[in-house]
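Below you'll find the structure, written out as structure tokens, and then a few comments.
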Amino acid sequence: MDLELEGHVAVVTGASRGIGLAVTRALVREGVRVVAGARSTRGLHDIDGVLAVAVDLAAADGPASLVQHAVDQHGRLDHLVNSVGGLAGRDGDLLSIPDERWQRALDVNFLSAVRASRAAMAHLAERGGSVVNISSINATSPMPPLADYAAAKAALTSFSKSLSMEVGRRGVRVNTLSPGPTVTSMWDGADEAMMRTIADQSSLGRFSEPEHVADAVLFLLSARSVSITGSDLVVDAGQLPVT
């Protein structure tokens, strides 16, 4: 299936590992020129077709700087994939989360995408471009240990829906993709029994791989999904119950 992505330019945030890295590699295979942003660009410099940019995407000016690198380098921007995200473990109960951690969760998981979208929108509108924001099934299935992360992802999903309604007439599509448990470095060192229990709760009895998520991202970016906007595509191996 021809995704009609060859020759396009895409910005990918959080591109140095996990889902972001898988998306970067998948886009390159489709002939896309990728401007890949992350705090550490290790592992990105040896991928042909990638401009690796070291940037703090949680900083107020980080996302706009990354977008400007893409426009300066290629003179255009067709797609934006906001993949940067993260969560931190904590001790204590939900109400013990300090303001600094709430702010960090919002900066990384939500505001980075808002800022990147703001910087990119005029360029995307010139090309009839598209945005995919990587959310999480925790946006709609929260749990106390992940409260700050889940709240930020819920904000991202809501923002993406609103943005899709506002920019659709400008020719820009905006969708979210919500992965479930995925084999990334976030699970490094996790208890194997716990991981097995989580996997067994899914319909497929396993975690997703980053490449599975990346394939879905490419579909949402491509001409094959030209009538899909404001949607949330769940890629979770059947983790969420059917409703």
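The values are calculated or read from the model by the stated rules, or taken from the named source; none is laboratory data. Quick caveat, the model's predicted, so the values are computed rather than measured. Using ideal geometry, Cβ is built from the backbone for each residue, glycine included, and neighbour counts are taken over all protein chains shown.
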Hits in segment 77-101 (condition: hydrophobic (A, V, I, L, M, F, W, C) and modelled with pLDDT of 85 or more):
LEU77, LEU80, VAL81, VAL84, LEU94, LEU95, ILE97
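Please work out which residue is surrounded by the fewest Cβ atoms within 10 Å (Cβ to Cβ), limiting yourself to segment 39-77 and to residues that are of a type in the set (A, V, I, L, M) and farther than 23 Å from GLY7 by Cα.
So the residue we want is ALA60.
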How many residues does segment 78-111 hold that are closer than 16 Å to ARG127 by Cα and either crowded, with 24+ Cβ neighbours inside 10 Å or of a type in the set (Val, Ile, Thr) (or both)?
3
Might you let me know whether segment 159-181 holds any residue that is exposed (fewer than 15 other Cβ atoms within 10 Å of the Cβ), among the hydroxyl-bearing types (Ser, Thr, Tyr), at pLDDT 95 or above and part of a helix (DSSP H, G or I)?
yes
In the list ALA155, ALA116, which residue meets the criterion of being in a helix (DSSP H, G or I) and surrounded by 22 or more Cβ atoms within 10 Å (Cβ to Cβ)?
ALA116
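Which of the following residues is under 26 Å from VAL108 (Cβ atoms), in contact with a Gly (Cβ under 9 Å, 6 or more places away or on another chain) and polar (S, T, N, Q): SER136, SER178?
SER136
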Restricting attention to segment 69-87, which residues are part of a loop (DSSP other than H, G, I, E, B) and out of contact with any helix residue (DSSP H, G or I) (no Cβ under 7 Å at 6 or more places or on another chain)?
GLY75
Being touching a strand residue (DSSP E or B) at 6+ places or on another chain (Cβ under 6 Å), modelled with pLDDT of 95 or more and under 20 Å from SER162 (Cα atoms) is true for just one of VAL114, VAL132. Which residue is that?
VAL132
